[in-house]
Each structure stands twice: as C-alpha cells, then as structure tokens.
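Working notes for the structure below.
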Amino acid sequence: MINSIDIGIYGEDLALKYFLNKGYTLLRKNYRTKQGEIDLILKLKDILCFVEVKTRYNNNFGTPGQCIDIKKKKRIIKASLIFICSEKLLNYNVRYDVVEVVLNYKNDSYSINHIEGAFIQ
C-alpha cells in the first residue's frame, strides 16, 4: 500500500517535471530549516519561486491547496528569507506558489493546478 509520504514525493516529482518543462531552473528540493520546509525552490529569469506542493487522490475534503493554513505560509516565508540571505540572492523578485496535484486511483493519470502568487509575504 502506498503511504502519504510516497504520494507526496511522487507529487513533488510531477510538479518538478511540470516546472522544468516550463523553463524553470531547480535551485533546491526539500529545503529545510528550523523555521520550516520548502518543497521546491526554482528560478525563472529574475523570479525566485518558492513552491508548496500538495498531492491528493480527490477533493473530498477541499482542494489540496486549501489545507495550507496561515501558520504553514508563515513558515514557508521564514524559510525562504533564510534561503535568500544564505545564497545571497537579494536581487530577485520573490513569488510563493502552490501546486495542487490530483492523482487518479484507476490509472497513472493526474492533473496539476499551478497557482502563481498563491500567497504573499
């Protein structure tokens, strides 16, 4: 049986492929600090994109992105500021995105909903 950690990793891999196909460059995957974790950190031209990926099999309890509460958003923002300072990436615009991945029980199909600028600092 597949567990929620495996589902999350699979969703992150699908989201990463989506971004790479759109011309983004991966800077870091699963960046962790004491303040929080960021699933994907990407760059597109002059934009640093901090992405939270949520993967589900259905929307029975709302969309995947709806489970990201204000506390989680604040942790992502704090972790992003640490990353920006530690990597000296101060001359970039910053965007916080959410990617909702909905998997299909019956086959390998899935859908991706990319929400650009899902929340702000």
Mind putting a number on the dipole of the range 4-119 about its Cα centre? Charges go on the C-beta only, +1 for Lys and Arg and -1 for Asp and Glu, and I need it in Debye to the nearest 20.
400
Nearest 500 deg cm²/dmol is fine: what mean residue ellipticity at 222 nm does the chain get from its DSSP H runs of n ≥ 4 alone, each adding -39,500 (n - 2.57), divided by its residue count?
-9500 deg cm²/dmol
Between N21 and D6, how many nm apart are label points set 7 Å from Cα along the C-beta direction?
2.4
Can you tell which of I38, I47, I77 shows the greatest fluctuation in a Gaussian network model of the chain with Cα springs below 10 Å?
I47
Between the DSSP loop rule and a limit of at most 10 other Cβ atoms within 10 Å, which chymotrypsin sites (Phe, Trp or Tyr not before Pro) in the range 23-121 are left?
F61, Y105
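Within the set K29/K106; K22/K71; K29/K54; K72/K106; K29/K73, which residue pairs have Cα atoms separated by over 24 Å?
Flagged as over cut-off: K29/K106; K22/K71; K72/K106.
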Any chance you could give the angle, 0 to 90 degrees and rounded to 10, that helix 4-21 forms with the longest Cα principal axis of the chain?
60
Determine the gain in length on full extension of the stretch E116-C85; use 0.36 nm per residue of separation and subtract their C-alpha separation, reporting nm with one decimal.
8.9 nm
Contour excess over end-to-end distance, with Cα ends at K29 and V94 and 0.36 nm allotted per residue:
21.7 nm
Starting from the Cα-Cα distance between S109 and D69, subtract it from 0.36 nm times their residue separation and give me the gain in nm to one decimal.
11.6 nm
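Apply the a/c threshold of 1.5 to the C-alpha gyration tensor of the chain and tell me whether it is rounded, prolate or oblate. If you can, show how the numbers build up before the last one.
Working: a/c = 1.96, a/b = 1.59, b/c = 1.24.
Cα axes put the chain in the prolate bin.
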Taking Cα atoms, the helix 70-86 axis meets the longest principal axis of the chain at an angle in degrees (rounded to 10) of 40
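Read the figures in this text as sums done on the coordinates, not as results from a lab. What you see is a predicted model; the values in this text were computed from it and never measured. With ideal geometry, Cβ positions are generated from the backbone for all residues, glycine too; neighbour counts draw on all protein chains shown.
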